[in-house]
Amino acid sequence: MVYFYPILKSGLLKNTLCNRHISSNLRLKLFDAVVTPTILFGLAVLPLSTASLRKIEATQRKMLRKIVGWIRIQNEPWDVTMRRMKLRVARALGSRAIMPWKKRLAKYLWKFILRIKTARSESWIKLASEWEPNECDDAFNEYLAHRDRGRPNLRWDDVVNRFCRLHFHESWQKLSVGVLESSTDQFIVFFCNDIADVVDPPVFVADDAISVPQNITTPFVPFFRPSTDTW
């Protein structure tokens with residue numbers, strides 16, 4: 001996960017966001033309108049781990065402290081300094097409420113799920129979400145699609161599927177749009193509880209009487225075809 005802290009250091013918005021002659025309310029409004037959408041663009045559909053989400057939250061806190069103004073008092077303990085800075089940020093956010101990036105990512109992800117559910121059946125976004133690599137029309141293809149070694153076990157919709165199976169005992173593809181729309185607030189709370197790393201156990205499949213996880217590369221795969229091996 002890449003830190004986006006250099007956005008403030010690049011000078012593009014630093015002179016404005018860190019200018020104390022401008023009210024903190026206007027600077028936070030600029031931050032929420034320009035920096036936040038730029039950083040979170042496309043992150044909702046990535047398989048973000050809990051560590052990545054915590055880095056995103058830490059980056060937002062660093063930027064807010066930079067905007068509010070970092071003041072270091074000589075010989076002051078660091079724990080006292082951090083408590084004082086938290087109070088400064090809290091007072092600044094009292095006039096301009098900014099949604100945490102983790103909560104906003106949860107809203108973006110759920111909105112993307114609803115967009116897929118309401119899309120036309122022939123649209124690419126619908127076809128891509130329903131595509132299964134093991135479903136192949138070629139009867140002579142004996143290659144079993146699997147994840148190569150080193151690929152992440154976490155998929156972009158694992159947290160959504162886990163939430164839907166926990167509350168409705170079904171995957172999100174099988175639920176109606178009305179049920180999903182009524183569960184928006186519950187999913188946001190579920191997403192913000194640091195459970196993004198919890199995934200389903202690997203599925204074991206039989207290959208020549210040997211059961212191996214799908215995310216493990218087999219030593220030899222006959223009839224290799226590049227068009228069907230991607231995951």
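The values are calculated or read from the model by the stated rules, or taken from the named source; none is laboratory data. Model, not experiment: these values are computed from the prediction. Here the Cβ is made from the backbone with ideal geometry for all residues, glycine too, and neighbour counts use every protein chain on show.
Structure notes:
- Scanning region 62-98 for residues that are surrounded by fewer than 13 Cβ atoms within 10 Å (Cβ to Cβ) and under 22 Å from A44 (Cα atoms) yields a single hit, A97.
- Test: residue in region 18-34 that is buried (at least 17 other Cβ atoms within 10 Å of the Cβ), of a type in the set (S, T, Y) and modelled with pLDDT of 85 or more: no
- Only one of the numbered conditions (1) of a type outside the set (A, V, I, L, M, F, W, C); (2) crowded, with 17+ Cβ neighbours inside 10 Å; (3) within 27 Å of N15 (Cβ to Cβ) is violated by K102, and that is (3).
- Pairs linking a residue in region 60-82 that is at positive phi and assigned by TED's automatic domain parsing to the domain that holds A92 to a residue that is of a type in the set (K, R) and surrounded by fewer than 16 Cβ atoms within 10 Å (Cβ to Cβ), with Cβ atoms under 9 Å and 6 or more positions apart or on different chains, are G69/R20.
- Filtering region 54-77 for residues that are of a type in the set (F, W, Y) and assigned to a helix (DSSP H, G or I) leaves an empty set.
- Per-region count, region 35-45, residues surrounded by 13 or more Cβ atoms within 10 Å (Cβ to Cβ) and not β-branched (V, I, T): 3
- Looking only at region 33-80, and only at residues there that are of a type in the set (D, E, K, R) and under 26 Å from R96 (Cβ atoms), the one that is farthest from the chain's Cα centre (by Cα): R72
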